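The values are calculated or read from the model by the stated rules, or taken from the named source; none is laboratory data. Not measured: the values here are computed from a predicted model. Methodologically, a virtual Cβ is constructed for each residue, glycine included, from the backbone with ideal geometry; neighbour enumeration extends over all protein chains shown. Each accessible area value is taken on the protein alone, full model and side chains, heavy atoms only, with ligands, DNA and RNA left out. Shrake-Rupley method; radii C 1.70, N 1.55, O 1.52, S 1.80 Å.
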Amino acid sequence: KIIFNKDATFMNNYAYWMGGAFYDWSEGESTEFNGNALFMNNMSAEDGGAIFVEDNAFMTFNKKATFIGNIATLNGGAIYNDDDTLMTFEGEATFLGNTALSSDGYGGAIVNDGILKFNDSVIFSGNVAQGQGADIHNGLHTYSTAVVELAYGKDKMGSFDGGIYQVEDGEIHK
């Protein structure tokens, strides 16, 4: 289990595999960000420019989370949330200028194969995927049921400028 009790900043990191700044393979354990989290200008040679999460891991952002200018050579410019994982944003989330570089790259900001929850406002702007889903590609692997939950209401609005690509077995809840 990893807990960040103060603000956390991950900048200008590079991974030769996945998760440019953070790779979570904790098999049922949780990672918690209790302060603001900033992921900026990180890069991975494969998936998840800033974060790659897999194998029943749980990741929670309890305050503001910001992802700016992260790059994945393949999929998930900022985040790749693999199957059997839960990622929750309790505070505001912002995804600006993240990129999936491959000519058929998916999810300029996020690839989600697990469960992805936004419980507060979320903004996506300027994210780029050469393939599908400039903001979110939900359900890259069709063997998983990918779920995205967006909070909508008086003070909880979602803003997307590149859209969501939804595969057959995925779900989006508003």
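Listed highest first by mean packing, meaning other Cβ atoms within 10 Å per residue, what order do 57-68, 97-108, 115-126, 6-17 come in?
Peptide ranking by packing, descending: 97-108, 57-68, 115-126, 6-17.
A full extension of the chain between Ile3 and Trp17 corresponds to an added length of 2.7 nm, given 0.36 nm per residue minus the alpha carbon distance. Distant-in-sequence amide contacts of Ala65, defined by a placed amide H-H separation under 5 Å and a gap of 5 or more residues or a different chain, comprise Ala37, Glu92, Ala93, Thr94. One decimal place: the segment Ser30-Asp104 gains 23.5 nm when fully extended, by the rule 0.36 nm per residue minus the C-alpha distance. A simple charge model with +1 on the Cβ of Lys and Arg, -1 on the Cβ of Asp and Glu and nothing else charged puts the dipole of the stretch 11-151 at about 560 debye relative to its Cα centre.
For a distance above 23 Å, tell me the whole-number percent of Cα pairs in the stretch 1-126 that qualify. Within the stretch 1-126, distances greater than 23 Å cover 18 percent of Cα pairs.
Relative contact order for the stretch 1-90: 30 percent, from Cα pairs under 8 Å spaced at least 6 residues apart, divided by residue count.
In the context of the full set of protein chains, the stretch 1-148 has a per residue accessible area of 38 Å² (1.4 Å probe).
Each listed q (0.24 Å⁻¹) maps to a log10 I(q)/I(0) for the stretch 1-70 from the Debye sum over equal C-alpha point scatterers, namely -1.07.
Separation of the stretch 1-65 from the stretch 80-97 is 10 Å, based on Cα centroids.
Within the stretch 65-108, the ratio Rg/Rh, alpha carbon atoms throughout and Rh by Kirkwood, equals 1.01. For the pair Asn56 and Asp84 in one chain, pulling the backbone fully straight at 0.36 nm per residue adds 9.6 nm over the alpha carbon distance.
Using the crude model of +1 on Lys and Arg Cβ and -1 on Asp and Glu Cβ, and no other charge, please compute the dipole size for the stretch 31-86 relative to its Cα centre, in debye to 20.
With Lys and Arg at +1 and Asp and Glu at -1, about 480 debye.
Accessible surface of the stretch 7-110, 1.4 Å probe: 49 percent of it comes from carbon and sulfur atoms.
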